[in-house]
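Peer 1: Dropping the structure in here first, questions after.
The values are calculated or read from the model by the stated rules, or taken from the named source; none is laboratory data. Worth saying up front: this structure is predicted, and the values here are computed from it rather than measured. Accessible surface areas use protein heavy atoms only, side chains included; no ligands, DNA or RNA. Shrake-Rupley method; radii C 1.70, N 1.55, O 1.52, S 1.80 Å.
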Amino acid sequence: MGHEDGAGGAGGSGTGIIDKAFEALYASDDVSLDTAASLLAAAGRAADAELSRRGEEFVRTLWGRGWQPADLARTVRRELADEHVRLLAALVRTETAGYERLPHRWQAQLDELDPGAVRPTDRFSYATAVLELYRVLVRLPRLDAVGPVPGEALPPAAAGEPRMLTRIRALLAKAEATGYPEEAEALTAKAQELMARHSLDEATLAAGAPSPETPGAIRIGVEPPYEQAKAILLDAVATANHCRAVWNEAYGFSTVVGFEADLDPVELLYTSLLVQGTAAMTRAEAEQRAGGRKRTKSFRQSFLLAYANRLGARLSATSRRVAAETPTLLPALASRDLAVTNRTDELFPETRSTRVRAAWDEDGWTHGATAAEKATLHPNRPHLP
(Lines give C-alpha, C1' and ligand atoms only; values in the text may rest on other atoms or scores of the structure.)
Protein backbone atom coordinates (compact mmCIF):
# COMPACT_ATOMS: atom_id res chain seq x y z
CA MET A 1 0.00 0.00 0.00
CA GLY A 2 1.15 3.56 -0.68
CA HIS A 3 1.98 6.10 1.97
CA GLU A 4 1.17 9.38 0.24
CA ASP A 5 -0.39 12.11 2.34
CA GLY A 6 -2.70 14.90 1.24
CA ALA A 7 -6.29 15.66 0.41
CA GLY A 8 -8.20 13.44 -1.93
CA GLY A 9 -10.81 14.00 -4.54
CA ALA A 10 -14.52 13.26 -4.18
CA GLY A 11 -14.98 16.40 -2.14
CA GLY A 12 -13.04 15.96 1.08
CA SER A 13 -9.95 14.91 2.96
CA GLY A 14 -8.64 11.36 2.85
CA THR A 15 -9.73 10.87 6.46
CA GLY A 16 -13.28 12.07 5.78
CA ILE A 17 -13.62 9.87 2.72
CA ILE A 18 -12.44 6.84 4.65
CA ASP A 19 -14.83 7.59 7.53
CA LYS A 20 -17.67 7.61 5.02
CA ALA A 21 -16.44 4.50 3.20
CA PHE A 22 -15.92 2.55 6.42
CA GLU A 23 -19.62 2.73 7.23
CA ALA A 24 -19.94 -0.11 4.71
CA LEU A 25 -17.85 -2.39 6.92
CA TYR A 26 -20.80 -2.73 9.27
CA ALA A 27 -23.51 -3.00 6.60
CA SER A 28 -24.97 -6.36 5.65
CA ASP A 29 -25.10 -5.83 1.89
CA ASP A 30 -22.46 -5.74 -0.84
CA VAL A 31 -24.05 -2.72 -2.52
CA SER A 32 -22.80 -0.53 0.32
CA LEU A 33 -19.35 -2.02 -0.08
CA ASP A 34 -19.34 -1.26 -3.82
CA THR A 35 -20.35 2.34 -3.13
CA ALA A 36 -17.58 2.68 -0.55
CA ALA A 37 -15.05 1.20 -2.97
CA SER A 38 -16.08 3.78 -5.57
CA LEU A 39 -15.46 6.57 -3.06
CA LEU A 40 -11.97 5.27 -2.29
CA ALA A 41 -11.18 4.73 -5.96
CA ALA A 42 -12.16 8.31 -6.75
CA ALA A 43 -9.96 9.59 -3.92
CA GLY A 44 -6.92 8.12 -5.63
CA ARG A 45 -3.66 7.43 -3.83
CA ALA A 46 -4.13 10.40 -1.51
CA ALA A 47 -6.19 8.25 0.85
CA ASP A 48 -3.80 5.27 0.89
CA ALA A 49 -1.72 6.32 3.89
CA GLU A 50 -4.81 6.76 6.07
CA LEU A 51 -6.29 3.52 4.71
CA SER A 52 -3.15 1.65 5.69
CA ARG A 53 -3.03 3.29 9.10
CA ARG A 54 -6.61 2.23 9.81
CA GLY A 55 -5.82 -1.32 8.77
CA GLU A 56 -2.87 -1.45 11.13
CA GLU A 57 -5.15 -0.21 13.90
CA PHE A 58 -7.59 -3.03 13.18
CA VAL A 59 -4.75 -5.56 13.40
CA ARG A 60 -3.34 -4.01 16.59
CA THR A 61 -6.78 -4.15 18.19
CA LEU A 62 -7.07 -7.83 17.29
CA TRP A 63 -3.77 -8.62 19.05
CA GLY A 64 -5.38 -7.27 22.20
CA ARG A 65 -8.46 -9.40 21.53
CA GLY A 66 -6.46 -12.61 21.57
CA TRP A 67 -5.69 -13.08 17.85
CA GLN A 68 -2.26 -13.94 16.44
CA PRO A 69 -0.89 -13.64 12.89
CA ALA A 70 -1.51 -17.29 12.00
CA ASP A 71 -5.10 -17.03 13.26
CA LEU A 72 -5.82 -14.04 11.05
CA ALA A 73 -4.18 -15.62 8.01
CA ARG A 74 -6.14 -18.84 8.51
CA THR A 75 -9.45 -17.00 8.81
CA VAL A 76 -8.86 -14.73 5.83
CA ARG A 77 -7.73 -17.67 3.72
CA ARG A 78 -10.92 -19.56 4.58
CA GLU A 79 -13.28 -16.65 3.90
CA LEU A 80 -11.62 -14.66 1.11
CA ALA A 81 -9.01 -15.06 -1.64
CA ASP A 82 -5.24 -15.06 -2.05
CA GLU A 83 -5.13 -11.32 -2.78
CA HIS A 84 -6.73 -10.64 0.61
CA VAL A 85 -4.17 -12.86 2.34
CA ARG A 86 -1.39 -10.85 0.68
CA LEU A 87 -2.99 -7.58 1.80
CA LEU A 88 -3.24 -8.96 5.33
CA ALA A 89 0.39 -10.07 5.25
CA ALA A 90 1.51 -6.57 4.32
CA LEU A 91 -0.54 -5.05 7.15
CA VAL A 92 0.73 -7.51 9.74
CA ARG A 93 4.35 -7.16 8.70
CA THR A 94 4.16 -3.37 8.82
CA GLU A 95 2.38 -3.31 12.19
CA THR A 96 4.76 -5.76 13.87
CA ALA A 97 7.93 -4.20 12.44
CA GLY A 98 7.87 -1.45 15.05
CA TYR A 99 8.29 -3.70 18.10
CA GLU A 100 11.71 -4.35 19.57
CA ARG A 101 10.73 -7.94 20.38
CA LEU A 102 7.81 -10.15 19.45
CA PRO A 103 6.24 -12.86 21.62
CA HIS A 104 7.50 -16.43 21.37
CA ARG A 105 6.34 -18.19 18.17
CA TRP A 106 5.23 -14.95 16.48
CA GLN A 107 8.23 -14.69 14.19
CA ALA A 108 7.61 -18.19 12.89
CA GLN A 109 4.02 -17.19 12.13
CA LEU A 110 5.18 -14.07 10.30
CA ASP A 111 7.61 -16.14 8.24
CA GLU A 112 4.66 -18.24 7.05
CA LEU A 113 2.77 -15.24 5.68
CA ASP A 114 2.73 -14.79 1.91
CA PRO A 115 5.27 -12.00 1.23
CA GLY A 116 3.76 -11.07 -2.14
CA ALA A 117 1.84 -7.79 -2.25
CA VAL A 118 0.63 -7.52 -5.84
CA ARG A 119 -2.15 -4.99 -6.31
CA PRO A 120 -5.10 -5.49 -8.63
CA THR A 121 -4.71 -3.49 -11.82
CA ASP A 122 -7.38 -0.86 -11.10
CA ARG A 123 -8.21 1.34 -8.11
CA PHE A 124 -11.76 0.05 -7.70
CA SER A 125 -10.65 -3.59 -7.47
CA TYR A 126 -7.95 -2.63 -4.99
CA ALA A 127 -10.35 -0.64 -2.80
CA THR A 128 -12.89 -3.47 -2.93
CA ALA A 129 -10.30 -6.02 -1.80
CA VAL A 130 -9.14 -3.81 1.09
CA LEU A 131 -12.69 -3.20 2.28
CA GLU A 132 -13.55 -6.90 2.04
CA LEU A 133 -10.53 -7.67 4.19
CA TYR A 134 -11.32 -4.96 6.74
CA ARG A 135 -14.95 -6.10 6.92
CA VAL A 136 -13.76 -9.54 8.04
CA LEU A 137 -11.29 -8.06 10.55
CA VAL A 138 -13.72 -5.72 12.30
CA ARG A 139 -16.25 -8.52 12.80
CA LEU A 140 -13.91 -11.01 14.47
CA PRO A 141 -14.85 -11.86 18.07
CA ARG A 142 -12.61 -11.85 21.10
CA LEU A 143 -10.58 -15.03 21.64
CA ASP A 144 -9.11 -16.37 24.85
CA ALA A 145 -5.52 -15.10 25.01
CA VAL A 146 -2.84 -17.78 24.67
CA GLY A 147 0.16 -15.57 25.36
CA PRO A 148 1.41 -11.99 25.56
CA VAL A 149 0.78 -9.49 22.78
CA PRO A 150 3.32 -7.19 21.09
CA GLY A 151 4.24 -4.28 23.31
CA GLU A 152 3.76 -6.14 26.58
CA ALA A 153 6.63 -7.16 28.83
CA LEU A 154 8.05 -10.45 27.58
CA PRO A 155 10.03 -13.16 29.37
CA PRO A 156 13.72 -13.45 28.45
CA ALA A 157 14.25 -14.93 25.00
CA ALA A 158 15.54 -18.49 24.88
CA ALA A 159 18.94 -18.98 23.27
CA GLY A 160 18.13 -21.25 20.34
CA GLU A 161 15.92 -24.31 20.17
CA PRO A 162 16.11 -26.85 23.01
CA ARG A 163 18.29 -29.80 22.12
CA MET A 164 15.48 -32.26 22.80
CA LEU A 165 13.18 -30.45 20.36
CA THR A 166 15.88 -30.47 17.69
CA ARG A 167 16.26 -34.24 18.09
CA ILE A 168 12.50 -34.80 17.86
CA ARG A 169 12.28 -32.61 14.77
CA ALA A 170 15.08 -34.58 13.07
CA LEU A 171 13.50 -37.95 13.89
CA LEU A 172 10.11 -36.93 12.56
CA ALA A 173 11.60 -35.45 9.39
CA LYS A 174 13.26 -38.79 8.71
CA ALA A 175 10.02 -40.64 9.44
CA GLU A 176 8.18 -38.50 6.89
CA ALA A 177 10.88 -38.93 4.25
CA THR A 178 11.47 -42.67 4.39
CA GLY A 179 9.71 -45.01 1.99
CA TYR A 180 9.80 -47.86 4.49
CA PRO A 181 6.79 -48.03 6.87
CA GLU A 182 8.75 -50.01 9.46
CA GLU A 183 11.48 -47.39 9.59
CA ALA A 184 8.93 -44.59 9.89
CA GLU A 185 7.35 -46.54 12.73
CA ALA A 186 10.62 -46.88 14.62
CA LEU A 187 11.57 -43.22 14.11
CA THR A 188 8.18 -41.92 15.22
CA ALA A 189 8.22 -44.27 18.19
CA LYS A 190 11.57 -42.89 19.28
CA ALA A 191 10.25 -39.33 18.96
CA GLN A 192 7.27 -40.09 21.22
CA GLU A 193 9.52 -41.80 23.74
CA LEU A 194 11.75 -38.72 23.82
CA MET A 195 8.70 -36.56 24.42
CA ALA A 196 7.51 -38.79 27.25
CA ARG A 197 10.94 -38.82 28.90
CA HIS A 198 11.21 -35.06 28.54
CA SER A 199 7.90 -34.62 30.38
CA LEU A 200 9.24 -36.93 33.05
CA ASP A 201 12.39 -34.80 33.37
CA GLU A 202 10.25 -31.66 33.72
CA ALA A 203 8.18 -33.36 36.43
CA THR A 204 11.41 -34.35 38.21
CA LEU A 205 12.59 -30.74 38.25
CA ALA A 206 9.20 -29.51 39.45
CA ALA A 207 9.12 -32.09 42.24
CA GLY A 208 12.61 -31.16 43.41
CA ALA A 209 12.24 -27.40 43.21
CA PRO A 210 8.66 -26.23 42.68
CA SER A 211 8.45 -23.22 40.39
CA PRO A 212 5.74 -20.63 39.74
CA GLU A 213 5.38 -21.88 36.13
CA THR A 214 1.78 -22.37 35.08
CA PRO A 215 0.40 -24.08 31.99
CA GLY A 216 0.35 -22.05 28.79
CA ALA A 217 -1.37 -22.57 25.44
CA ILE A 218 -0.87 -22.46 21.70
CA ARG A 219 -3.23 -22.58 18.75
CA ILE A 220 -2.72 -25.15 16.02
CA GLY A 221 -4.54 -24.94 12.70
CA VAL A 222 -6.96 -27.76 11.93
CA GLU A 223 -7.66 -27.29 8.25
CA PRO A 224 -10.33 -28.86 6.03
CA PRO A 225 -11.01 -31.31 4.59
CA TYR A 226 -11.79 -33.92 7.27
CA GLU A 227 -11.07 -31.42 10.03
CA GLN A 228 -13.01 -33.37 12.62
CA ALA A 229 -10.76 -36.40 12.19
CA LYS A 230 -7.72 -34.13 12.33
CA ALA A 231 -8.98 -32.49 15.53
CA ILE A 232 -9.40 -35.94 17.06
CA LEU A 233 -5.85 -36.83 16.08
CA LEU A 234 -4.51 -33.64 17.66
CA ASP A 235 -6.51 -34.34 20.81
CA ALA A 236 -4.97 -37.83 20.98
CA VAL A 237 -1.43 -36.47 20.61
CA ALA A 238 -2.07 -33.75 23.20
CA THR A 239 -3.65 -36.10 25.75
CA ALA A 240 -0.82 -38.61 25.45
CA ASN A 241 1.65 -35.84 26.21
CA HIS A 242 0.04 -34.28 29.29
CA CYS A 243 -1.82 -31.56 27.37
CA ARG A 244 -5.45 -30.85 26.52
CA ALA A 245 -6.88 -29.77 23.17
CA VAL A 246 -10.06 -27.76 22.58
CA TRP A 247 -11.33 -27.51 18.99
CA ASN A 248 -12.80 -24.29 17.58
CA GLU A 249 -14.53 -25.55 14.44
CA ALA A 250 -15.73 -22.13 13.31
CA TYR A 251 -12.24 -20.65 13.04
CA GLY A 252 -10.29 -23.76 12.06
CA PHE A 253 -7.96 -24.29 15.01
CA SER A 254 -7.53 -26.19 18.24
CA THR A 255 -6.09 -24.62 21.38
CA VAL A 256 -3.61 -26.92 23.09
CA VAL A 257 -3.11 -26.24 26.80
CA GLY A 258 -0.06 -27.57 28.61
CA PHE A 259 3.25 -26.74 30.21
CA GLU A 260 5.56 -24.84 27.88
CA ALA A 261 8.04 -27.68 27.42
CA ASP A 262 5.29 -29.96 26.05
CA LEU A 263 3.57 -27.59 23.62
CA ASP A 264 6.05 -27.42 20.73
CA PRO A 265 6.67 -31.21 20.74
CA VAL A 266 2.91 -31.82 20.54
CA GLU A 267 2.64 -29.57 17.49
CA LEU A 268 5.62 -31.28 15.86
CA LEU A 269 4.29 -34.79 16.42
CA TYR A 270 0.77 -33.92 15.30
CA THR A 271 2.03 -32.34 12.09
CA SER A 272 4.26 -35.32 11.35
CA LEU A 273 1.56 -37.91 12.05
CA LEU A 274 -0.83 -35.99 9.81
CA VAL A 275 1.74 -36.10 7.00
CA GLN A 276 2.34 -39.80 7.55
CA GLY A 277 -1.38 -40.55 7.80
CA THR A 278 -2.17 -38.66 4.60
CA ALA A 279 0.56 -40.57 2.78
CA ALA A 280 -0.78 -43.88 4.09
CA MET A 281 -4.31 -42.90 3.03
CA THR A 282 -3.07 -42.11 -0.48
CA ARG A 283 -1.43 -45.54 -0.71
CA ALA A 284 -4.60 -47.24 0.53
CA GLU A 285 -6.68 -45.38 -2.04
CA ALA A 286 -4.30 -46.52 -4.77
CA GLU A 287 -4.90 -50.11 -3.68
CA GLN A 288 -8.65 -49.48 -3.77
CA ARG A 289 -8.45 -48.08 -7.31
CA ALA A 290 -6.35 -51.03 -8.41
CA GLY A 291 -9.15 -53.26 -7.15
CA GLY A 292 -11.70 -51.38 -9.23
CA ARG A 293 -13.17 -49.16 -6.50
CA LYS A 294 -13.34 -45.39 -6.86
CA ARG A 295 -12.12 -43.06 -4.16
CA THR A 296 -14.87 -41.90 -1.82
CA LYS A 297 -15.16 -39.19 0.80
CA SER A 298 -16.49 -41.72 3.31
CA PHE A 299 -13.41 -43.91 2.78
CA ARG A 300 -11.07 -41.01 3.58
CA GLN A 301 -13.08 -39.86 6.60
CA SER A 302 -13.26 -43.37 8.04
CA PHE A 303 -9.56 -43.91 7.36
CA LEU A 304 -8.47 -40.79 9.25
CA LEU A 305 -10.86 -41.41 12.14
CA ALA A 306 -9.55 -44.94 12.62
CA TYR A 307 -5.99 -43.70 12.27
CA ALA A 308 -6.53 -41.07 14.97
CA ASN A 309 -8.36 -43.47 17.29
CA ARG A 310 -5.75 -46.20 17.11
CA LEU A 311 -2.77 -43.87 17.31
CA GLY A 312 -4.19 -42.24 20.42
CA ALA A 313 -4.17 -45.57 22.21
CA ARG A 314 -0.61 -46.29 21.08
CA LEU A 315 0.73 -42.89 22.08
CA SER A 316 -0.83 -43.12 25.53
CA ALA A 317 0.56 -46.61 26.02
CA THR A 318 4.08 -45.35 25.36
CA SER A 319 3.68 -42.47 27.82
CA ARG A 320 2.33 -44.80 30.50
CA ARG A 321 5.18 -47.24 30.00
CA VAL A 322 7.82 -44.52 30.33
CA ALA A 323 6.12 -43.04 33.41
CA ALA A 324 5.91 -46.47 35.05
CA GLU A 325 9.70 -46.72 34.96
CA THR A 326 9.84 -44.05 37.69
CA PRO A 327 6.79 -44.67 39.89
CA THR A 328 7.95 -42.17 42.52
CA LEU A 329 7.22 -39.38 40.02
CA LEU A 330 3.63 -40.38 39.36
CA PRO A 331 2.28 -37.92 41.99
CA ALA A 332 4.24 -35.08 40.36
CA LEU A 333 2.90 -36.02 36.92
CA ALA A 334 -0.62 -36.20 38.31
CA SER A 335 -0.20 -32.75 39.86
CA ARG A 336 0.93 -31.29 36.52
CA ASP A 337 -1.96 -33.00 34.71
CA LEU A 338 -4.38 -31.48 37.21
CA ALA A 339 -2.87 -28.03 36.68
CA VAL A 340 -3.37 -28.41 32.92
CA THR A 341 -6.96 -29.53 33.39
CA ASN A 342 -7.71 -26.60 35.69
CA ARG A 343 -6.15 -24.13 33.28
CA THR A 344 -8.18 -25.59 30.42
CA ASP A 345 -11.36 -25.20 32.46
CA GLU A 346 -10.44 -21.57 33.19
CA LEU A 347 -9.91 -20.79 29.50
CA PHE A 348 -12.88 -22.77 28.25
CA PRO A 349 -15.59 -23.01 30.92
CA GLU A 350 -18.27 -23.85 28.37
CA THR A 351 -16.74 -26.59 26.22
CA ARG A 352 -18.98 -29.37 24.97
CA SER A 353 -18.46 -32.76 23.40
CA THR A 354 -19.03 -33.08 19.66
CA ARG A 355 -20.54 -36.10 18.00
CA VAL A 356 -18.46 -37.53 15.17
CA ARG A 357 -20.09 -36.63 11.86
CA ALA A 358 -18.70 -38.98 9.26
CA ALA A 359 -20.12 -41.39 6.74
CA TRP A 360 -19.06 -44.92 7.66
CA ASP A 361 -16.83 -46.94 5.36
CA GLU A 362 -15.63 -50.28 6.70
CA ASP A 363 -12.71 -50.55 4.28
CA GLY A 364 -11.59 -47.04 5.15
CA TRP A 365 -11.72 -47.79 8.88
CA THR A 366 -9.80 -51.05 8.46
CA HIS A 367 -7.09 -49.43 6.34
CA GLY A 368 -6.81 -46.50 8.77
CA ALA A 369 -6.43 -48.80 11.79
CA THR A 370 -3.81 -50.80 9.92
CA ALA A 371 -1.89 -47.64 9.06
CA ALA A 372 -1.94 -46.64 12.73
CA GLU A 373 -0.63 -50.07 13.68
CA LYS A 374 2.26 -49.58 11.27
CA ALA A 375 2.98 -46.29 13.05
CA THR A 376 2.91 -48.12 16.39
CA LEU A 377 5.04 -46.27 18.89
CA HIS A 378 7.10 -49.18 20.12
CA PRO A 379 10.71 -48.18 20.82
CA ASN A 380 12.21 -51.66 20.47
CA ARG A 381 11.48 -52.13 16.76
CA PRO A 382 14.72 -52.25 14.74
CA HIS A 383 15.55 -49.62 12.14
CA LEU A 384 15.82 -50.71 8.56
CA PRO A 385 19.15 -50.12 6.88
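Peer 1: Leaving ligands, DNA and RNA out of it, report the carbon-plus-sulfur percent of the accessible area of the range 226-358 at a 1.4 Å probe.
Peer 2: 52
Peer 1: Solvent-accessible area per residue for the range 296-357 at a 1.4 Å probe radius, Å²?
Peer 2: 57
Peer 1: Which cross-chain or sequence-distant (5 or more) residues have an amide H under 5 Å from the amide H of residue 253, H modelled 1.01 Å from N in plane?
Peer 2: Excluding prolines and chain starts, which carry no amide H, the hits are 222, 248.
Peer 1: Sticking with this structure for a sec: Checking the cross-link filter: which aspartates and glutamates have an alpha carbon closer than 17 Å to that of residue 297, excluding same-chain neighbours under 8 positions apart?
Peer 2: 223, 227, 285, 287, 361, 362, 363
Peer 1: For the range 270-329 and the range 75-142, what is the centre-to-centre distance using only Cα atoms, to the nearest Å?
Peer 2: So the two Cα centres are separated by 35 Å.
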